[in-house]
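This report refers to the structure that appears directly beneath it.
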Amino acid sequence: MRRAAADAMDAVLDKSRPLEESLERLTRDLDDRDRSLARMIAATSLRRLGSLRTLLRGMIERSLPPKAKRVETILIIGAAQILLTDVPDHAAVATSVALAGEDAATAGFKGLINAVLRRVTREGRALLPEGPDQPKWMIEGWMQAYGAETGNAISRALAHEAGLDLTAKSDPAGWAATLNGRLLPNGTIRLVDAGNITALPGFSEGGWWVQDAAAALPAQLLHATAGMEIADLCAAPGGKTAQLAAAGARVTAVDRSGTRLKRLQQNLDRLGLEAEIVEADAAVFEGGPFDAVLIDAPCSATGTIRRHPDVAWTKAREDVATLAALQARILAHSAQILRPGGVLVYSTCSLEPEEGENQISAFLATHPDFRREPIQPGECGVAAEWINAAGELRTLPTHLPDADPRQAGLDGFFAARLRRA
């Protein structure tokens, strides 16, 4: 199980592979308990990677040789268990040493691993820094975009695991009571310590689906009604499609990934909802014209690091520019499939202005038949502080403060609503 966690971390850090994809492959033969523990260890280690590296490097007298990269991984997951989980200290130390002994390349470092982790048990809680826990280029970008204080606060907020957010097909207040959850202003249900999601009341009946509160807002901003014809571009895994279909809209769900569309169809089947599913590239999709278009564009996903801590280490600065170019193509094409008078909502789960605010400004400069339709405070439960000066949605991980970090925060999201003349 700990080998799976270490292998998954190495896949993220050395090969930029998504954590969930790696864990799915590596934990296939484990039971549910060990699978969950492997996921928790790997995710916690990645979420606090910057702080753990700083702590450990201060406890090792000489730098580890390049060939000892796996040793650092074992030390990190060991320290994460000791300092950030409920795993008993002695178990974390013993299993880390045993893991090192399984490979010839790391067996010679068993003594070092044992000594360092024992020191972590004695001194680590007092010495573990608060951060930074993400790459320098990311934090510098957030400070430039939002100011030094907010940028640093975003970094700290991303170091905490998020709670579980659900969207109900109907009667969110009733489901919040049934699930002992907290009802957020936009109707999202927030749970803490939910356990096995598929065992919760309402899962098998299709009463709700998992969706961050911020991710639920772009579809809500369309104010979909029965019979409305809506294109949901880049639709998989289908949370936004489900929202629109539940409102009675006739939804065309477009995604280029057939595999992801199969998952979308499975989700709709469980929920008892229908949509037309089209496997196509959103930048060239032929369809419409539609009353509304929703674009949840491919992006760097830096706003989701609380839930997907691997994103901090699988993305590079240059990826933002590459993705922004793709977003611009999709956005420009979407203008061609929207009816005159129709509404377009563009969104990304990114904290980078290049993928949000700058994208819309550039689009409007070349599409004079479109104008912003500003979001109003209170609309769809949107707080005034989540709206920028242009009337666009900009949620941050620092929003919805709460003493319990699992009850606090939103994914970092951008959304703009545009009306075609």
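The values are calculated or read from the model by the stated rules, or taken from the named source; none is laboratory data. What you see is a predicted model; the values in this text were computed from it and never measured. Neighbour counts run over all protein chains shown; Cβ positions are idealised from the backbone, glycine included. Accessible surface areas use protein heavy atoms only, side chains included; no ligands, DNA or RNA. Shrake-Rupley method; radii C 1.70, N 1.55, O 1.52, S 1.80 Å.
Accessible area per residue, 1.4 Å probe, Å², for segment 258-376: what's the number?
Ligands and nucleic acids excluded, the figure is 43 Å² per residue.
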*Hey, which of these cross-link pairs are over 22 Å Cα-Cα: 15/315; 110/136; 240/262; 15/110; 15/262?*
110/136; 15/110; 15/262
*asked:* I need the shape label for segment 189-339. Rule: rounded when a/c is under 1.5, else prolate if a/b > b/c, else oblate, with a, b, c from the alpha carbon gyration tensor.
replied: oblate
*Putting +1 on Lys and Arg Cβ atoms and -1 on Asp and Glu Cβ atoms, find which of 19, 90, 116 reaches farthest to the positive end of the dipole of segment 1-135.*
116
*Take the chain, connect every pair of alpha-carbon atoms lying under 10 Å apart with a spring to form a Gaussian network, then pick out the residue of 259, 167, 27 with the largest mean-square fluctuation.*
259
*Please work out how much length the chain gains when fully extended from residue 260 to residue 402, using 0.36 nm per residue of separation minus the C-alpha to C-alpha distance, in nm with one decimal.*
47.7 nm
*With an 8 Å cut-off on Cα pairs and a minimum separation of 6 or more residues, tell me the relative contact order of segment 174-232 in percent.*
23 percent
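Just to be sure I follow: if Rg is taken over the C-alpha atoms of segment 137-198 and Rh is the Kirkwood radius over the same atoms, what is Rg/Rh? The partial results should precede the final answer.
Working: Rg = 16.1 Å, Rh = 13.7 Å.
With Rg and the Kirkwood Rh in hand, the quotient comes to 1.17.
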*Give the label of the value calculated from the structure for Cα Rg over 2.2 N^0.38 Å, choosing from [x] 1.10; [y] 1.03; [z] 1.66.*
[y]
*Cross-link partners among aspartates and glutamates for residue 69, C-alpha distance below 13 Å, same-chain residues fewer than 8 apart left out?*
7, 10, 14, 103
*GNM, the chain, Cα, under 10 Å: largest mean-square fluctuation among 368, 218, 298?*
368
*About the Cα centre, charge dipole magnitude for the chain (Lys/Arg +1, Asp/Glu -1 at Cβ), debye*: 980 debye
*Once fully extended, how much extra length lies between residue 53 and residue 24, figured as 0.36 nm per residue of separation less the alpha-carbon to alpha-carbon distance?*
7.9 nm
_Return the equivalent ellipsoid semi-axes of segment 1-160 as a descending list in whole Å, where each equals the square root of 5 times an eigenvalue of the C-alpha gyration tensor._
26, 19, 15
_Percent carbon-and-sulfur accessible area, segment 2-46, ignoring ligands, DNA and RNA, probe 1.4 Å_ = 43 percent
*Could you please state how large a percent of the accessible area of segment 272-421 is carbon and sulfur, counting protein chains only and using a 1.4 Å probe?*
54 percent
_Pairs of alpha-carbon atoms within less than 8 angstrom and 6+ residues apart define the contacts here; what relative contact order does the chain have, in percent?_
14 percent
*Using mean Cβ contacts within 10 Å as the protection proxy, how do 93-105, 201-213 order, highest first?*
201-213, 93-105
